[in-house]
Structure formats: structure tokens, C-alpha cells
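Please read the structure below before turning to the comments.
The values are calculated or read from the model by the stated rules, or taken from the named source; none is laboratory data. Since this is a predicted model, take the numbers as computed values, not measurements. Glycine also receives a Cβ, built like all others from the backbone with ideal geometry; neighbour counts cover every protein chain displayed. Accessible surface areas use protein heavy atoms only, side chains included; no ligands, DNA or RNA. Shrake-Rupley method; radii C 1.70, N 1.55, O 1.52, S 1.80 Å.
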Amino acid sequence: MTIAAVHSMNELDESMKRLQADVDDHPLWSCLLFAACATGRLTIEDFRIIFGQYQFYSRNFTRYLAGAMLSCHDDMLR
């Protein structure tokens, strides 16, 4: 393996470490929903409501996207 290849692999390794640190430190992981799941405070009924809302959102996502695009007057942004 050449010195350039080793250097490139080291850069890639460092980039992956920084990316993993960014993922680990993201505020998403400390949201109230994940905290409630981790502590076991949610019931089956709570999960039914949560995933019912998620299913509704997912099923209607293209409608929401189309609505957002309608309000955008710039063709480039649309």
C-alpha cells in the first residue's frame, strides 16, 4: 500500500469518527419520546397513538409536500 493510500484511509477514518460523533451528539437522541421509551413509561395505547399519527403523516406526506410547493413562488426552489 502506498503512503498516499494510507494517508487517504486515515483521512477517511477520521471523517467517519467525526460523523459518528455528530450522530451520537445529535439532539434527536435526547428527545422526550426517546426518553419516555427508554424509561418504559409508555403504554401499548401510547404506542398505538404515536404510530397511528406516524402512519397518517406518512400516508399524506406527498399531499403536505405538494401544499408546501404550491406556496413557493420561485420555480427554482420548487
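Applying the Karplus relation 6.51 cos²θ - 1.76 cosθ + 1.60 with θ = phi - 60° to region 8-19 yields 3J(HN,Hα) values of 4, 5, 5, 5, 4, 4, 5, 4, 5, 5, 5, 4 Hz, where x marks Gly and Pro. Charges were assigned to the Cβ only: +1 to each Lys and Arg, -1 to each Asp and Glu. The resulting dipole of the chain about its Cα centre is roughly 460 debye.
Split the accessible area of the chain by element, probe 1.4 Å, and carbon with sulfur accounts for 66%. Each residue of region 58-73 was assigned a 3J(HN,Hα) from its phi angle through the Karplus expression (A = 6.51, B = -1.76, C = 1.60, θ = phi - 60°), giving 5, 5, 9, 4, 5, 5, 4, 5, 4, x, 5, 5, 4, 7, 8, 8 Hz with x at Gly and Pro.
Farthest towards the positive end of the charge dipole of the chain, among the residues Tyr54, Ala36, His26, is the Cα of Tyr54, using unit charges on the Cβ of Lys, Arg, Asp and Glu.
Within the set [x] 0.99; [y] 1.23; [z] 1.18, the number that Rg/Rh (Cα atoms, Kirkwood Rh) takes when calculated for this structure is listed as [y]. Under the rule of -39500 (n - 2.57) per DSSP H run of 4 or more residues, summed and divided by the residues of the chain, what mean residue ellipticity at 222 nm is obtained, to the nearest 500 deg cm²/dmol? So the calculated ellipticity at 222 nm is -23500 deg cm²/dmol.
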